[in-house]
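Values in this text are rule-based calculations from the coordinates and carry no lab data. Note that the coordinates shown come from a computational prediction; the quantities given were computed from them, not determined experimentally. Virtual Cβ from ideal backbone geometry, glycine too; neighbours counted across all protein chains shown.
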Amino acid sequence: MTRFRCAIHIVPRRGILDPQGKAVSDALHSLGFAAVGDVRVGRHVVVDTDAESAEAAREAVKAMCEKLLANPVTEDYEIASVERA
Amino acid sequence: MKAGIVRFPGSNCDEDAYHAVADILGQEAVYLWHKDHDLQGVDLVILPGGFSYGDYLRAGAIARFSPIMQEVVQHAKRGGLVLGICNGFQIACEAGLLPGALLRNDTLRFVSAPVSLRVDSIATRFSSQYHVGQIISIPVAHGDGRYTADGDTLARLEGEGHVVFRYVDAAGEPTNAANPNGSLRNIAGIVNDAGNVLGMMPHPERAMESALGSTDGLPLFKSILDTMLGGVPA
């Protein structure tokens, strides 16, 4: 078994109001970043897990996302990286 | 009637719910510990308000995997009554007992205030003692109360009469100004398809005595009692 460090992005699904993202977007506009469009604020989760391979670690993290880490009703997730810890 | 009030680490409305059932309704009430598997033969499970497991990750996300919740889900599948209040509503949604999810208030502020609700359905085991269109005052106290579901789910809730309570103004209109959290369709409380699980963000257990400003929560508990006494299978 090898230990892998897996990074996951979880963000509010598009089409669902994200008041935090809107507040940040408004603040960026008031700071002069006029080019900014939609902003969504989510979570970044880093999970260390033992697995036989990077592929197995990715599969395990996918199951974790679907069962607990992301809400399937309101959030999308992306496994950003799986690397040897 | 015997009611069980689940205590999670971080529950803080458990004693209010106990008081409502035991002292005001005069019925048997027991606490159910989150690590236990025994529902102690209760007819009604109350998932109380609070911040179970610190609301870590998402409100209710971790509580749903507690040992007692596996029993609560089985109880609900058998047709047993479940009342989820505030954090309990969030937990019920996370556990799949109710459709949708509760997200951060659109104002990004915690809101603690009495609100006006309109009773939109009395054909449930939780609301038979109200009348349709009745406007009641019940307090809310939450930071994550924005009810959200996809369009199909909302259409089904509306079509089946499963929206029980809605945030309204003094005239009974579901306006944006009367909506404390940005809930879609001003939804404050819903029942599941089978009609045995009610989730609501407002706190009926805090509106049981005139000394506390409102008795508008009392008919909800009386409706449940009436259901039980009426012999509807638990």
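For chain A, the convex hull spanned by the alpha carbon atoms encloses 100 Å³ per residue. Per residue of peptide B:45-58, the mean number of Cβ atoms on other chains within 10 Å of the residue Cβ is 1. By the beta-carbon count within 10 Å of each Cβ, the least crowded to most crowded order of A:5, B:58, B:7, fewest first, is A:5, B:7, B:58.
Classify the protein assembly as shown: rounded, prolate or oblate, from the alpha-carbon gyration tensor (a ≥ b ≥ c, eigenvalue square roots; a/c under 1.5 rounded; otherwise prolate if a/b is larger than b/c)? Please list the in-between numbers first.
Values: a/c = 2.19, a/b = 1.38, b/c = 1.59.
Here the protein assembly as shown falls in the oblate category.
Using a Förster distance of 25 angstrom, determine the FRET efficiency expected from the C-beta separation of residue B:78 and residue B:185, and round it to 0.05. The value I calculate is 0.25.
On average, how many beta carbons from a partner chain sit within 10 Å of the beta carbon of a residue in B:98-104? Write out the running numbers ahead of the final one.
On the way: counts 0, 1, 2, 6, 3, 9, 6.
Per residue, the number of nearby Cβ atoms from other chains is 4 on average.
What are the semi-axes of the equivalent ellipsoid for chain B, taken as the square roots of 5 times the Cα gyration tensor eigenvalues, largest first, in whole Å? List each step's numbers first, then the result.
Numbers: eigenvalues 111, 80, 61 Å².
After diagonalising the Cα gyration tensor, the semi-axes are 24, 20, 17 Å.
For residue B:189, the amide hydrogen comes within under 5 Å of the amide hydrogens of B:164, B:165, counting only partners 5 or more places away or on other chains and with H modelled in the peptide plane. Given R0 = 45 Å, the distance between the Cβ atoms of residue A:48 and residue B:177 translates into a calculated FRET efficiency of 0.40.
Taking the charge dipole of segment B:2-229 about its Cα centre, with +1 at Lys and Arg Cβ atoms and -1 at Asp and Glu Cβ atoms, the residue from B:151, B:99, B:201 reaching farthest to the positive side is B:151.
Cβ neighbours within 10 Å, averaged per peptide: list A:43-50, B:87-94, B:164-171 in order, most packed at the top. Please report the intermediate quantities before stating the final value.
Values: A:43-50: 13.8, B:87-94: 29.6, B:164-171: 19.9.
The densest-packed peptide leads the list: B:87-94, B:164-171, A:43-50.
All alpha carbon pair distances within segment B:49-186 were sorted into 5 Å bins beginning at 0; the resulting P(r) in whole percents reads 2, 10, 17, 23, 22, 17, 8, 2, 0. Here is the link list: B:2/B:77; A:67/B:222; B:2/B:35; A:67/B:2. Which ones come out longer than 29 Å on Cα distance? The answer is A:67/B:222; A:67/B:2. Listing B:220, B:25, B:98 from fewest to most neighbouring C-beta atoms within 10 Å gives B:25, B:98, B:220. Once the Cα atoms are used to define both axes, helix A:54-64 deviates from the longest principal axis of chain A by about 60 degrees.
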